[in-house]
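The values are calculated or read from the model by the stated rules, or taken from the named source; none is laboratory data. Please read all numbers here as calculations on a predicted model, not as lab measurements. Cβ placement follows ideal geometry from the backbone for every residue including glycine, while neighbour counts extend to all protein chains displayed. Note: accessible area is taken over every heavy atom of the protein model, side chains too, but ligands, DNA and RNA are not part of it. Shrake-Rupley method; radii C 1.70, N 1.55, O 1.52, S 1.80 Å.
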Amino acid sequence: MMRRLIIVTFSWLFCLYLPLANAAEAASAAVRAEHRGALFKVQDARHTLYLFGTIHVGAANFYPLEPRVMQALEQAPAIALEIDPKKTPAMQAAVLRYGFYPEGQSYQTDLTPQLQQQVQAALKKYNVPAEAVARFRPWMIASLLTVQEFGSKGYRSDLAVDGHLADFVTKRNKPVIELEGAETQLALFGALSRQQQTLLLEDTLKELDDPDSAARVVELAEFWRTANLSGLQSLLDEMAGDGSFVGRFTKDVLLDQRNPALAERIGGLLKSRDRIFAAIGILHLVGPTGVPALLQQRGFKVERIY
């Protein structure tokens, strides 16, 4: 189950961004860049686009990124990301709209006393003040706790690969193109019923106490760091077949529902401009319903570089 929860985090860009750390300084101990993420080259008759798989948390040993990634990014006129992390007002508005109860309401009205106690215990474990999340909807609490679990294992929001790439191009005065935006992403969570949000929160709380969760967090991060798409596909297959709500939501909504629109948007960029660099969560690149496969179905030439 913890794998499922981590995959949920891998499948969307958590919008409560922290200030971006200096990844170059954080990676000062790194001696060489390994294959990280996954890199594809997509072409039509006239243009080339590079498509890179990211992870929405980070660690110092994720950097520097593979030289071919940085070369393609250096030559790109712009980068396309799921969300432009610099659009803070739009992110804040979407979080308030879909992640918060109205003034005067609290998650406690939707949770059983037992579940409320479990939430309080988890918040205490991660040193999160209870009053800070009083108006969080259950899905927001579940996401926050999962991100806190990543942080306890050394995977930080402020070292997220998406943010690192956006910072790189911004410093070179290149534009960031939004493929989705915070409103589009968070509306998927806002559409969850109270019961579905409660199921997500219950599953999260159960698995945060799993003694094997630390190893699974590291395993999934290693799949990204070593460009192991087959490992990620195996986890997705396992999750899709377990019959859980989280598994269905991740596959049907966070991946399969979003992938066609992402492929359409990326294909449109490729037709209009040359050498655009697109970077999306690595799980969107996996399998027969992933964005590379969908782009190929649309007639583009797709080559996996690594």
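Restricting to the range 178-187, give me the number of residues that are within 17 Å of PHE52 (Cα to Cα) and either open to solvent by 30 Å² or more (accessible area, probe 1.4 Å) or at pLDDT below 95 (or both).
First pass over the range 178-187, keeping only residues within 17 Å of PHE52 (Cα to Cα): 178-180.
Right, trim to either open to solvent by 30 Å² or more (accessible area, probe 1.4 Å) or at pLDDT below 95 (or both) and you get 178, 180.
Going through the range 178-187 one residue at a time, the tally reaches 2.
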Given (1) in contact with a Ser or Thr (Cβ under 9 Å, 6 or more places away or on another chain); (2) touching a residue at least 24 places away in the same chain (Cβ under 8 Å); (3) closer than 21 Å to ASP203 by Cα, identify the lone condition not met by GLU82. (3)
Considering the range 98-140 alone, what residues qualify as being under 24 Å from the mean Cα position of the chain (by Cα), among the aliphatic types (A, V, I, L, M) and over 14 Å from GLY190 (Cβ atoms)? VAL119, ALA122, LEU123, VAL128, ALA132, VAL133
Subset of the range 288-302, residues surrounded by 13 or more Cβ atoms within 10 Å (Cβ to Cβ) and touching a residue at least 60 places away in the same chain (Cβ under 8 Å), comes to VAL291, PRO292, LEU295, PHE300, VAL302
Among the residues of the range 135-161, the number that are modelled with pLDDT of 90 or more, open to solvent by 20 Å² or more (accessible area, probe 1.4 Å) and either assigned to a loop (DSSP other than H, G, I, E, B) or β-branched (Val, Ile, Thr) (or both) is 2
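Got a number for residues in the range 188-240 being outside any helix (DSSP H, G or I), buried (at least 16 other Cβ atoms within 10 Å of the Cβ) and aliphatic (A, V, I, L, M)? Please lay out each step first, then the result.
Filtering the range 188-240 for residues outside any helix (DSSP H, G or I) gives 191-193, 209-212, 226-228.
Now drop any that are not buried (at least 16 other Cβ atoms within 10 Å of the Cβ), which leaves 192, 227-228.
With aliphatic (A, V, I, L, M) added as a condition, the list becomes 192, 227.
Looking only at that region, the number is 2.
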Can you tell me which residue in the range 272-282 is farthest from LEU179 (Cα to Cα), limited to those that are crowded, with 24+ Cβ neighbours inside 10 Å and of a type in the set (Gly, Ala, Ser)? GLY281
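Would you mention how many residues in the range 150-180 are over 15 Å from the mean Cα position of the chain (by Cα) and not polar (S, T, N, Q)? Spell out the reasoning first.
Keep residues of the range 150-180 that are over 15 Å from the mean Cα position of the chain (by Cα), which gives 152-154, 167-177.
Filter once more, keeping what is not polar (S, T, N, Q): 153-154, 167-169, 171-172, 174-177.
Matching residues across the range 150-180 total 11.
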Considering only helices (runs of 4 or more DSSP H) fully contained in the range 54-130, which possess at least 1 residues that are touching a Gly at 6+ places or on another chain (Cβ under 8 Å) and at negative phi? 67-75, 88-99
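Can you tell me how many residues in the range 94-147 are free of Cβ contacts under 8 Å to residues at least 60 places away in the same chain and either touching a helix residue (DSSP H, G or I) at 6+ places or on another chain (Cβ under 8 Å) or of a type outside the set (Val, Ile, Thr) (or both)?
Of all residues in the range 94-147, those free of Cβ contacts under 8 Å to residues at least 60 places away in the same chain come to 96, 100-109, 112-114, 116-117, 120-121, 123-124, 126-136, 140.
With the extra rule that they be either touching a helix residue (DSSP H, G or I) at 6+ places or on another chain (Cβ under 8 Å) or of a type outside the set (Val, Ile, Thr) (or both), the set shrinks to 96, 100-108, 113-114, 116-117, 120-121, 123-124, 126-136, 140.
So the count comes out to 30.
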Go over the candidates LEU262, LEU269, LEU254, LEU285 one by one and state the one that is open to solvent by less than 70 Å² (accessible area, probe 1.4 Å) and over 19 Å from ALA76 (Cβ atoms). LEU254
